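Every number here is computed from the coordinates shown, using simple stated rules; none is lab data. Every value quoted in this text rests on a predicted model; they were computed, and no experiment measured them. We place every Cβ from the backbone using ideal geometry, glycine too, and count neighbours over all the protein chains shown.
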Amino acid sequence: VLLSKIKEYDDNYRNEMSQGQGGRSKGEGPVALALKGERQRAETELSAFDNYHKDELEELNSRKTQLRLGKEKERGNNEKIANGLDGLLERIKIAHEVAGFWISLFITLLFLAIELTPIFFKLMLTKTTYDYLAENRDELIKAENGIEVQYDHYTSKAGTERHLVINHHANKLIFEKIKVSQIHKELTEYAVEKYKQREKEKIDANLDNYIKSIDDSQSVAAQEH
């Protein structure tokens, strides 16, 4: 997720520098500087994540090395088996000549079952330990950045299961902005109401003085114009 963010910031920064976006002129303006700052912050978070999960990453790399060595060893064993197939085929041919078709067919099927069973078993294992560790790492990155993914949350028009992605940090910021705007609105309404009440008190106390003050204000305004 962080790597894709960094790439997105780089692309947007290059576009902003080369041609600008949304009617802005190209160059390193406020938007470009903001993108650059966000990119640096994401890179810092990625470095912090790598340092925090250093042991897990080293373990993953070690497991990858072990898997690679295991596959190389298995490949060597398969080459040895392949080199011995000629003798096996000759023995099956001799068995066919001596014992007849059905016995040689049974022996052939038996050897096929022995050879193919490990392959079918591996195909049944849809995920390895490395896959689960990689998924756990990705989920940790999402959690640290306030991203929640609800898998198979709804079905699209095409009938496929779709995930719901919730950005908690963004939602929190939007909520705070809305609340601040509501508070400002309430305070403005309260101030206007208090001003209105005070002016009413002036009128009730002395209507003539209030009218005179309004006339004086209008005269001063007319003279200024």
Cβ crowding within 10 Å averaged over residues, with 42-49, 112-119, 56-63 ranked highest first: 42-49, 56-63, 112-119
The range 171-224 - convex hull of the alpha-carbon atoms, volume per residue in Å³: 70
Distance (nanometres) between label positions extended 7 Å along Cα→Cβ at Asn51 and Gln66: 2.9
Environment charge of Leu164, counting only residues whose C-beta is closer than 15 Å and scoring Lys/Arg +1, Asp/Glu -1: -1
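If you add up the charges near Gln40, with Lys and Arg at +1 and Asp and Glu at -1, over every other residue whose beta carbon is less than 13 angstrom from its beta carbon, what do you get?
0
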Cβ-defined net charge surrounding Val149, 13 Å radius [Lys, Arg +1; Asp, Glu -1]: -4
Label point distance in nm, Phe106-Asn77, each placed 7 Å from Cα along Cα→Cβ: 2.9
Nearest-0.05 FRET efficiency for Thr44 and Lys127, computed from C-beta distance (R0 35 Å): 0.65
Nearby lysines by direct alpha-carbon distance to Lys202 (threshold 30 angstrom, same-chain neighbours under 8 apart not counted): Lys185, Lys194, Lys212
